[in-house]
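Input: a single structure, listed below in structure tokens.
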Amino acid sequence: MTAVGPDLPPDLYGRPRSDRVFRGMTAFAATYKRVFDRTIGPSRRPSAAPRAVTATRELVVASRTAVCDEVISLRLTAPDGSSVPRWLPGAHLRIELPSGRARHYSLCGDPADAGGYTIAVRRIDAGGGGSAEIHDTVRPGTRLRAVGPRNGFPFGAEPVVLFIAGGIGITPLLPMVREAAALGLDWRLVYAGRSRSCMPFVSAVTAVDPARAEVLADDEAGGPDCASLISRAAPGTAVYCCGPPAMLDGVRRAALAAGRDRVRAFRFERFTAPPITDGRPFSLELRRSGTVLDVPPDRSALDVLRDHDPMIPYSCRQGFCGLCQQRVLAGRVDHRDLRLTDAERQAGDMLVCVSRAPEGERLVLDR
């Protein structure tokens, strides 16, 4: 694979340059990446993107709605009723919960609505506790601190677009679908999930254009065939995908196999950590207590730290947001993030969600 400079992923089709969209995204000081964006070709963005909002603001829950099994939506507004900063499809908020947890949620409402934001949250009891906290404790009138909107998954408004969503992955794609329809683009949506009863916003996506939106429920037609979906795409299609890791990996492999003539751009966003494919075992030592924690090859340092202390802060689990940053006092770090500067790395900083140590070595953390 051709080297393209520190920390930036290479061009999807192997050209000797870094990816265009990532070059722009890393210019933002606090890019949050649940996101990997691979872009080829020009954009038809109809308006200039708003600046990323870096200040923390307070929002109040104006309403809470049950969308489907396991999913609720929250309407968030300014406490004084003022307008909220504008956003474009693909944007998200970082929500700080009363417990101190921080989570990212895609905006799935109308970008033209200056009165507030809409997010949707699927309850995952086996997750890190953030979704359960929202479902159990957040009600109309609850005040939450938020950062954003920020956009690491921008919609390029290409002439021919295929959207592929899996479950709660519909949330960032729904505003894109609406914009594609409004711009008169040649678009198609494939929306897959376990069952219609737990797939949010099915009626909303089909209402845009039922002839262009295909709903695939596993209990009706089985899981989607990613290779088949891509093979049906018209030449020059831009593919936008958001869903579980297996779907993302399947669509990505199919897009690569199809080649640039068929898939001109492939952009995707992860809601969960990418799988560890080349991990090696190492250990962590917590300096203040002397505790030693073993990190197996298939788990991250963050996972092991959270087993020891569940309140370790984190959010994106992909090496972008920086919330899991730890100071390393001794040991060699295999840096795999897309955020830290060379100076920060030399000072001993490490993002424990993705970065590791060489096999068998030990990192001493300032904890």
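The values are calculated or read from the model by the stated rules, or taken from the named source; none is laboratory data. Note that the structure is a prediction, hence the values are computed from the model and not measured. Reconstructed Cβ throughout: ideal geometry from the backbone, glycine too, with neighbour counts over all protein chains shown. We work out accessible area using only protein heavy atoms, side chains counted, and drop any ligands, DNA or RNA first. Shrake-Rupley method; radii C 1.70, N 1.55, O 1.52, S 1.80 Å.
Accessible area of S289 (1.4 Å probe, protein heavy atoms only, ligands and nucleic acids ignored): about 80 Å². Restricting the calculation to Cα atoms, the stretch 175-322 yields a radius of gyration followed by a Dmax of 20.0, 62 Å.
Treat every Asp and Glu Cβ in the stretch 276-367 as -1 and every Lys and Arg Cβ as +1, leave all other atoms uncharged, and give the resulting dipole magnitude about the Cα centre to the nearest 20 debye. Present the calculation step by step, with values, prior to reporting the outcome.
Numbers: 14 positive and 15 negative charges, 34 e Å.
Computed charge dipole of the stretch 276-367: roughly 160 debye.
Annotation for the stretch 200-215 versus the stretch 151-192: alpha-carbon center distance of 11 Å.
Using R₀ = 30 Å, calculate the FRET efficiency as 1/(1 + (r/R₀)^6) where r is the Cβ-Cβ separation of R194 and R299; round to 0.05. Intermediate results must be reported in sequence, preceding the final value.
Details: r = 26 Å, r/R0 = 0.87.
The pair R194/R299 has a calculated efficiency of 0.70.
Nearest 20 debye, what's the magnitude of the dipole of the stretch 218-259 about its Cα centre given +1 on Lys and Arg Cβ and -1 on Asp and Glu Cβ?
Working: 3 positive and 5 negative charges, 67 e Å.
About 320 debye.
Dividing the convex hull volume of the alpha-carbon atoms in the stretch 173-218 by its residue count gives 60 Å³ per residue.
Using R0 = 45 Å, the C-beta based FRET efficiency linking L329 and R139 works out to 0.55.
Sequence-distant contacts, meaning Cα pairs under 8 Å at least 6 residues apart, place the relative contact order of the stretch 259-367 at 32 percent. Extension gain for D69-S289 works out to 74.8 nm (0.36 nm per residue, less the C-alpha to C-alpha distance). Residues in the stretch 353-367 carry Karplus couplings, in order, of 6, 10, 7, 9, 10, x, 3, x, 8, 10, 9, 9, 9, 7, 9 Hz; the curve used is 6.51 cos²θ - 1.76 cosθ + 1.60 with θ = phi - 60°, and Gly or Pro positions show x.
I'd like the Kirkwood hydrodynamic radius of the stretch 151-243, using the inverse of the mean 1/r over distinct C-alpha pairs, in Å. Present the calculation step by step, with values, prior to reporting the outcome.
Values: mean 1/r = 0.0755 Å⁻¹.
Hydrodynamic radius (Kirkwood, Cα only) of the stretch 151-243 equals 13.2 Å.
If a/c stays under 1.5 just call it rounded; otherwise compare a/b with b/c (prolate if a/b is bigger, oblate if not). Do that for the stretch 255-301, with a ≥ b ≥ c from the square roots of the Cα gyration tensor eigenvalues. Provide the component values of the computation, followed by the final result.
Numbers: a/c = 5.65, a/b = 3.31, b/c = 1.71.
Note, shape of the stretch 255-301 comes out prolate.
Here the label points at A132 and R253, each 7 Å from Cα along the C-beta direction, are separated by 3.3 nm in the simple model. Couplings for the stretch 206-214, taken from phi via the Karplus curve 6.51 cos²θ - 1.76 cosθ + 1.60 with θ = phi - 60°, read 6, 5, 5, 6, x, 6, 9, 10, 10 Hz in order; Gly and Pro are left as x.
Cα gyration tensor of the stretch 67-108, axes a ≥ b ≥ c as square roots of the eigenvalues: rounded (a/c below 1.5), prolate (a/b > b/c) or oblate?
Rounded.
Would you work out if the stretch 273-367 is rounded, prolate or oblate? Take a ≥ b ≥ c from the square roots of the eigenvalues of the alpha-carbon gyration tensor; rounded if a/c is under 1.5, else prolate when a/b is larger than b/c, oblate otherwise. Because its axes are fairly even, with a/c under 1.5, the stretch 273-367 counts as rounded.
Taking amide H as placed 1.01 Å from N in the peptide plane, G152 has its amide H under 5 Å from the amide H of H92, each at least 5 places away in sequence or on another chain.
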